[in-house]
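The values are calculated or read from the model by the stated rules, or taken from the named source; none is laboratory data. Since we're looking at a predicted model, the values are computed, not measured. Cβ atoms come from the backbone with ideal geometry, glycine included; neighbour counts cover every protein chain shown.
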Amino acid sequence: MNAVMETVSTVCNRVRSKSKHGVSFQKLLVGLRREFKIADFDLKIKSTRDKTLGTEEFYVNAYYDAENDQHNETPIEVVVHHNFDNVLIWDSKQITEFLVQIFDATVHEFKHQRQSAKRKYQVFSDYIKKPYKDYLEEDDEIDAYAFSIAVELCRTLGKYRALRYMPKMSALSKLKFNGRYVSPCLAAYFGQFGNLTNPIIRRLSKKVYVRLQKIDTDSVFV
């Protein structure tokens with residue numbers, strides 16, 4: 001996964017560099033699509049307006065489709081949910097926050113693609129129809145979110161500081177920096193499953209520790 005992260009990070013850095021003087025959301029999306037195409041990454045990036053959001057709010061969802069992958073169709077779709085003013089010009093901080101979400105969502109789905117390829121694209125569960133807690137219990141999601149948590153911790157704490165926190169996983173799940181969780185994904189798991197007495201949390205913690213040891217921090221987009 002380090003090679004995938006490196007490429008996605010390069011894409012995000014190129015988009016940020018070309019947008020450093022400010023850019024509209026639509027132009028940012030055009031540039032992002034172009035850079036992923038140049039990098040030969042087969043994914044779709046879409047946007048959808050959600051009028052329940054504030055004019056500066058957004059969130060990113062992404063999906064992997066094993067059947068599409070098996071039939072050589074675009075397997076990953078990234079969707080930006082927003083309610084942006086079309087004439088708003090984004091500054092460098094807003095651009096970086098957006099690209100961080102794109103990076104995290106994209107590499108998470110590439111992790112699913114690798115899982116799927118290893119089992120020859122067999123599908124065992126329909127995540128979309130599952131309740132959120134059941135979805136988080138899936139083996140694939142525990143594995144992929146352990147990777148996502150390692151990425152978040154490397155970005156906010158640094159690899160070796162995060163490793164020192166691992167024996168205090170419950171405290172780590174509540175830790176915030178500038179009002180935000182150092183790992184929103186870890187906080188979500190603890191919010192659903194409680195504490196280290198839960199077998200899901202124990203499995204997740206072991207996988208996070210392994211991912212932290214293996215991750216190349218230079219490939220994490222910040």
Does at least one position in the stretch 186-197 carry a residue that is modelled with pLDDT of 95 or more, among the aromatic types (Phe, Trp, Tyr), surrounded by 12 or more Cβ atoms within 10 Å (Cβ to Cβ) and under 22 Å from residue 97 (Cβ atoms)? no
For the subset of the stretch 167-180 comprising residues that are over 16 Å from residue 201 (Cβ atoms) and not in a loop (DSSP other than H, G, I, E, B), which member is modelled with the lowest pLDDT? 177
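Okay, residues lined up against (1) more than 18 Å from residue 221 (Cβ to Cβ); (2) assigned by TED's automatic domain parsing to the domain that holds residue 21:
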{"residue": "102", "(1), (2)": "no, yes"}
{"residue": "114", "(1), (2)": "yes, yes"}
{"residue": "143", "(1), (2)": "yes, no"}
{"residue": "162", "(1), (2)": "no, no"}
{"residue": "165", "(1), (2)": "yes, no"}
{"residue": "173", "(1), (2)": "yes, no"}
If we only count helices (runs of 4 or more DSSP H) wholly inside the stretch 102-166, which ones have 3 or more residues that are of a type in the set (Lys, Arg)? 159-165
Pick from the stretch 117-135 the residues that are modelled with pLDDT of 85 or more, loosely packed, with under 10 Cβ neighbours inside 10 Å and more than 21 Å from residue 193 (Cβ to Cβ): which of them is farthest from the chain's Cα centre (by Cα)? 120
Of all residues in the stretch 204-222, how many are assigned to a helix (DSSP H, G or I) and crowded, with 16+ Cβ neighbours inside 10 Å? 9
Residue 98: under 15 Å from the mean Cα position of the chain (by Cα), over 22 Å from residue 182 (Cα atoms), outside any strand (DSSP E or B) and among the aromatic types (Phe, Trp, Tyr), yes or no? no
